[in-house]
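K.L.:
Have a look at this one before I ask anything.
We did not get these values from a lab; they are worked out from the coordinates using the rules stated. Note that the structure is predicted; figures quoted are calculated from it, not measured. No Cβ is skipped: glycine too gets one built from the backbone with ideal geometry, and neighbour counts run over all protein chains shown.
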Amino acid sequence: MEGRIVIFGATGYTGALTARALVDQGVRPVLAGRNANALAALAAELGGLETAYADADYPWTVRSLVERDDVLVSTVGPFLRHGHAALAAAVDAGAYYLDTAGEPRFVREVFDEYGAKASSALLPAFGYHHVPGNLACALALDRVGEDAARVDVGYFLGGGSLVRGLSAGTLASAPGLLATRMYTYQDGVVDEPRCRVRDFEMAGRSRAGMSIGGSEHFTLPASHPGLREVNVYLGWFGAASRIAARLPRGRAAAATIGFCGRGLARLARRRAGKGTLTSRIVAAAYDAQGGLLTEVHLSGGDPYDFTAGIVAWGARQAASGMTETGALGPVAAFGLSELEAGCAMAGISRVTG
C-alpha cells in the first residue's frame, strides 16, 4: 500500500503549485499549514482534499502529520527559520522527505546532521535548485567516465524581470542566501572558500555566475569517487555577480541585505502577476589538468512550474516505496534515466545540437 503524500506549506506559492501538480497527476495529497481558511479554499478548489493544521513554531503539530512510509513534502521557507520542524518530524516518523530548499546552510545540515539519523530517504533541495544541476552533472560524468576530476554547474534565468518573476518566498530567502558563507567540494572536503565568479558560454554569449553551496557538493562525489572538485554557480545577478560575490558574509551583511530583500518582496507582492522566466542549466566536466572534457546544457520554462512538477513526480515515486535511506541526491534515489524522464515531464530537458 502506498503512503500518503502530505504537503506542509500547501497554501504558499510553491506549495499550492505542487498540490495542483499532484492532483493533475492523479494524486490526492493532504494539505497542511497554519491558515485554516486558505487551506479550506485550496482544498475545495482541488476537489475536496483532506487538510491538517500544522505550524513550524509548534513542532508537535508537524510531527502529527505523518507516520512511517508517508511522504512529507516541505515548502515552508525560509528553511533556516521554518524548515527544521518538518525535517525532524520525517526522521522521527520514518517518513520519506522532500523539500524545495535552496538555502545552502540548510541543505548542508540535512546531509551533515540528519542523514545518518534517518531510517528512510531524505531528498533535500528537490526543486529547480538543485535537481537539474545534479542531472546535468550526472549526464556529463556518465559521458566521460573516470576521466573527470572536476565538474562545474551554473544555474541561469532569463525571459523577464528577475524581481517580478520571483515569488515573495524566494525573495525572503534571498538575503539569507547572500549573507551565508558558501561552500564547495575540493579534495574530499566540503569547505568554505572565498566566493568566486566564473563565466559560462551559452547560446553564443558569456554569462557570469557566483559560487554557492548546493546539494551537488555532497551527492556527486558520493556517486563518482574520482571527482576532486565540485563547484556550483548561481547566475541570477548577471554582470552584478562580481559585486555580489564581494559582499561580506555575516550578521551585518545579513541585516543590510535582509532589509533590501524585504523591500523587494513587498514590491513583488504589489505587482500584478508574475513575470515569465525561463531556465538554463549548464554542467562542464574537466580532467585533472583542467582540460574541458564535455558540457551538458539543459533548458526549460518557469522554474516554479518545474519545481512543482518535479516535487510531485518525486513524491509519487517515494510513495511507491524506496529501499535507499539517509540524505540522497536525486540520481542516487531514482536512477539517471528515470530522473531525466521525470525532469523532462516537469519541463526541463537536454539541449541538443
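K.L.:
Compute the Cα gyration tensor for the range 1-93, then decide on rounded, prolate or oblate, letting a ≥ b ≥ c be the square roots of its eigenvalues: rounded whenever a/c is under 1.5, prolate when a/b is larger than b/c in the other cases, and oblate in all that remain.
P.N.:
Cα axes put the range 1-93 in the oblate bin.
K.L.:
How big is the antiparallel share of DSSP beta bridges in the range 1-131, given as a percent to the nearest 5?
P.N.:
Of those bridges, close to 5 percent are antiparallel.
K.L.:
Indicate the gyration tensor shape class of the range 37-141 (rounded, prolate or oblate), computed on the Cα atoms with a ≥ b ≥ c the square roots of the eigenvalues: a/c under 1.5 is rounded; otherwise a/b larger than b/c is prolate and the rest oblate.
P.N.:
Prolate, because a/c is 1.5 or more and a/b exceeds b/c.
K.L.:
Within the range 1-100, report the chymotrypsin sites (Phe, Trp or Tyr not before Pro) that DSSP leaves as loop and that have at most 10 other Cβ atoms within 10 Å.
P.N.:
In loop regions of the range 1-100 (DSSP not H, G, I, E or B), there are no sparsely surrounded chymotrypsin sites (Phe, Trp or Tyr not before Pro).
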